[in-house]
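The values are calculated or read from the model by the stated rules, or taken from the named source; none is laboratory data. Note that this is a predicted model, so its numbers are computed, not measured. Here the Cβ positions follow ideal geometry from the backbone for every residue, glycine too, while neighbour counts run over all protein chains shown. These area figures cover heavy atoms from the full protein model, side chains too; ligands, DNA and RNA do not enter into them. Shrake-Rupley method; radii C 1.70, N 1.55, O 1.52, S 1.80 Å.
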Amino acid sequence: METVVIVTSALGQPSAAVRALRAAGFHASLRDLRAPLEEVALDMPGAVVLELPDDADPARLARELAGPAGMADVPVVAIVGQAHLRAPRGLAGIHDFCVRPLNEDELVVRVRRLVRSQARPEDDTIRVEELTIDLRGYEAAVAGRPLDLTYQEFQLLQFLASHPGQAFSRDQLLARVWGHDYYGGSRTVDIHVRRVRAKLGPVYAGCLRTIRHVGYKWVASTTPSDEDDA
């Protein structure tokens, strides 16, 4: 179930956006527009919906949303008033928008289209030289030799490898790989990273890189980098 975060200044009031997206099968959660927007990244959303009052600056908010690790490619749908449409470049950085009063069916269609545009290609096999990761078959192999990965180790590997070059914090990985209901600490991520690296072997362990003060990312290359702490 894909997560969609609705950012609004009307917390505590019934949300038509939440109702519509949940009815359409999304995991919809709310965040306060007045809180630091980097908190949205903790939910690892597949899309963000901004419910904006007329005095809000959509372009500035879109820039703030794109800042945290893993958020640069997350599509943003804004629910706006007519005033935003008249402002030059007022919707810069917004991928799509709906105009108030909100048409719930329209919002679902626009969110679903953007989420699908971010989906994995049909191949569902990731290759780095002789390393192959079969996303459908839940198997990974090096030079044809299967890796003995547990379910959770494979989930971690396939998530990072499906987002090459994107750095994710430990909290983000816990939310996306282990789920929003998992209450373990970030130490869990470090332990699984070490296990996955050991099973990948010396040639490919460096693809799963540590990013200092951030977390981890996958690099589809066996060439070492001085920028990262592998």
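Filter segment 62-71 down to the residues that are buried (at least 17 other Cβ atoms within 10 Å of the Cβ) and either touching a helix residue (DSSP H, G or I) at 6+ places or on another chain (Cβ under 9 Å) or among the charged types (D, E, K, R) (or both), then identify the one that is modelled with the highest pLDDT.
Ranking the candidates gives Leu65 first.
Among the residues making up segment 151-193, those that are modelled with pLDDT under 85 and among the acidic types (Asp, Glu) are Asp171, Asp181.
Picking from residues in segment 1-23 that are within 15 Å of Gly179 (Cα to Cα) and at pLDDT below 85, the one that is least open to solvent (accessible area, probe 1.4 Å) is Glu2.
Among Asp73, Asp55, which is the only one that is outside any helix (DSSP H, G or I), of a type in the set (D, E, K, R) and in contact (Cβ under 8 Å) with a residue 24 or more places away in the chain? Outline the logic, then answer.
Working: Asp55 fails: in contact (Cβ under 8 Å) with a residue 24 or more places away in the chain.
Answer to the selection: Asp73.
The residues in segment 152-176 that are without any contact (Cβ under 8 Å) to a residue 40 or more places away in the chain, open to solvent by 20 Å² or more (accessible area, probe 1.4 Å) and touching a Phe, Trp or Tyr at 6+ places or on another chain (Cβ under 7 Å) can be counted, and the count is 0. Of everything in segment 24-61 that is open to solvent by 40 Å² or more (accessible area, probe 1.4 Å) and hydrophobic (A, V, I, L, M, F, W, C), the residue that is nearest to Leu174 (Cα to Cα) is Leu42.
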